[in-house]
Amino acid sequence: MAPIPFILDTDTAQDDCVAILLGILDPVADLRAITMVAGNVGFEQQTDNALMTLSVAGALGDVPVFLGCRRPMVRPWVSAENVHGDGAGGLSMETSGLKTASEHGVDALLRLTAESPGELTIVAIGPLTNIAMAVVKDPSFAGRVKSLYIMGGSNNARGNITAAAEFNFYVDPDAAKIVFEAGFDITVVPWEPLTVRDALFSREQMAEIASSDSPVARFFTAVCETTLEFDESVGIPGSSHPDSMTVALLLHPELVTHSAAYAVDIEADSELTRGYSAMSWGVHGLKPNARVIESIDSAKFFEYIKSTMATVTTPSRPIVGL
Ligand code: RIB
Ligand code: CA
């Protein structure tokens, strides 16, 4: 089977880094570009995190990094530094001489999909600002994207940044609303119940991954620690991996055990329920606009992450603290 070509739109911190690693290390993946969007941590920090991730995989310079929107469409940016710290566990790398692509991330999304109409999947694992801005700039954009995988929202369940909303949809609810109305072929990978039930690794499992002692496994352990501590502090008993799960389900759809068609709409007006993802499961007379993943094979997903993180690589540049 030919490798699967995709673009990763990311707010690179913690599990976003793991998602990038899958795009580089899994032979099924053909990661064509990374587009950066304002989300988890400071924009420059996210960019450094992405470059460091490419480096630890020995792939610095192999995948272009395009800088996209540095704030949401309407609202001020909301950080998740309280959750992720710097998003890279305090690791650092000399970035002098490194350049990100000069083209804006939104323009790169439009150009790359125009050059390969119907061939590229976009995997969006941050706020949907870049995707929505591309839709606003060119209404034909959705029609030439093969499919859009979105990490975001919760399926008739709790949020994580508020009781109602998951972070990616909370940060830019206006963008999320535009994207779900744009006509993409959408697959949604939600926070609850899916991530916290099927994509959570215990400390024992994290130790299993670390035990391979590859540079990638040491990087994985470092970038996940701060978020793991935060997860545990709010009653989530493990390391949460929604972003890497989203890439994994594109590359290995056999991991999906249940999914269904839903009508998904986003609350963009109310401050109380800003970013809430209303997911109607088909009995309310609403036209479905997305497939929502309801469960995955959790054990197989863990084994996939564990084996991929054991890949032996030669980092492109030294990672300080690794
Ligand atoms: O709510 C989880 C999502 O928000 C993940 O994509 C995480 O990286 C943050 O962006
Ligand atoms: Ca993310």
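The values are calculated or read from the model by the stated rules, or taken from the named source; none is laboratory data. Predicted, not measured: the structure shown is a model, and the values here were computed from it. No Cβ is skipped: glycine too gets one built from the backbone with ideal geometry, and neighbour counts run over all protein chains shown.
Data table
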read-out: Number of the condition not met by Ser79 [criteria: (1) within 28 Å of Val136 (Cβ to Cβ); (2) more than 16 Å from ligand 2 (Cβ to nearest atom); (3) of a type in the set (Ser, Thr, Tyr); (4) free of Cβ contacts under 8 Å to residues at least 40 places away in the same chain]; value: (2)
read-out: Residue selected from region 233-248 under the condition within 15 Å of ligand 2 (Cβ to nearest atom) and in contact with a strand residue (DSSP E or B) (Cβ under 7 Å, 6 or more places away or on another chain), by the criterion farthest from Thr195 (Cα to Cα); value: Val247
read-out: Residue satisfying all of: in region 60-76; part of a loop (DSSP other than H, G, I, E, B) and free of Cβ contacts under 8 Å to residues at least 60 places away in the same chain; farthest from Arg32 (Cα to Cα) among these; value: Pro76
read-out: Only listed residue being free of Cβ contacts under 8 Å to residues at least 12 places away in the same chain and under 21 Å from Val171 (Cα atoms), chosen from Asp269, Asp265; value: Asp269
read-out: Answer from Ala57, Ala13, Ala29 - the residue that is in contact with a strand residue (DSSP E or B) (Cβ under 9 Å, 6 or more places away or on another chain) and either in contact (Cβ under 8 Å) with a residue 12 or more places away in the chain or over 25 Å from Ala134 (Cα atoms) (or both); value: Ala29
read-out: Hits in region 47-63 (condition: out of contact with any Gly (no Cβ under 8 Å at 6 or more places or on another chain) and buried (at least 17 other Cβ atoms within 10 Å of the Cβ)); value: Thr47, Asp48, Ala50, Leu51, Met52, Thr53, Ser55, Val56, Ala57, Gly58, Ala59, Leu60
read-out: Residue identified as surrounded by fewer than 18 Cβ atoms within 10 Å (Cβ to Cβ) and within 12 Å of ligand 1 (Cβ to nearest atom) among Glu81, Glu44; value: Glu81
read-out: Region 84-101 - residue that is of a type in the set (A, V, I, L, M) and either in a loop (DSSP other than H, G, I, E, B) or under 25 Å from Thr221 (Cα atoms) (or both) and, of those, farthest from ligand 1 (Cβ to nearest atom); value: Leu98
read-out: Residue ID - surrounded by the most Cβ atoms within 10 Å (Cβ to Cβ), chosen from residues in region 147-175 that are of a type in the set (A, V, I, L, M) and closer than 14 Å to Thr273 by Cα; value: Val171
read-out: Number of positions in region 167-209 that are among the acidic types (Asp, Glu), in contact with a Phe, Trp or Tyr (Cβ under 8 Å, 6 or more places away or on another chain) and farther than 30 Å from Ala310 by Cβ; value: 0
read-out: Failed criterion for Ala50 (all others in (1) within 14 Å of Ala101 (Cα to Cα); (2) within 13 Å of ligand 2 (Cβ to nearest atom); (3) not in a helix (DSSP H, G or I) hold); value: (3)
read-out: Every residue from region 157-172 that is in contact (Cβ under 8 Å) with a residue 60 or more places away in the chain, away from ligand 2 (no atom under 12 Å from the Cβ) and of a type in the set (A, V, I, L, M); value: Ile161, Ala164, Ala165
read-out: Residues within region 32-46 that are touching a residue at least 24 places away in the same chain (Cβ under 8 Å) and either more than 14 Å from ligand 2 (Cβ to nearest atom) or farther than 19 Å from Leu109 by Cα (or both), tallied; value: 6
read-out: Answer residue from region 243-282, given it is over 20 Å from the mean Cα position of the chain (by Cα) and of a type in the set (Asp, Glu) and is nearest to ligand 1 (Cβ to nearest atom) among those; value: Glu267
read-out: Elements of type helices (runs of 4 or more DSSP H) in region 120-203, at least 3 residues being modelled with pLDDT of 95 or more and more than 16 Å from ligand 1 (Cβ to nearest atom); value: 129-137, 173-180
read-out: Checking Ala260 against (1) in a loop (DSSP other than H, G, I, E, B); (2) in contact (Cβ under 8 Å) with a residue 24 or more places away in the chain, the condition it does not meet; value: (1)
read-out: Unique match (being surrounded by fewer than 23 Cβ atoms within 10 Å (Cβ to Cβ), under 22 Å from the mean Cα position of the chain (by Cα) and away from ligand 2 (no atom under 16 Å from the Cβ)) among Glu119, Glu115; value: Glu119
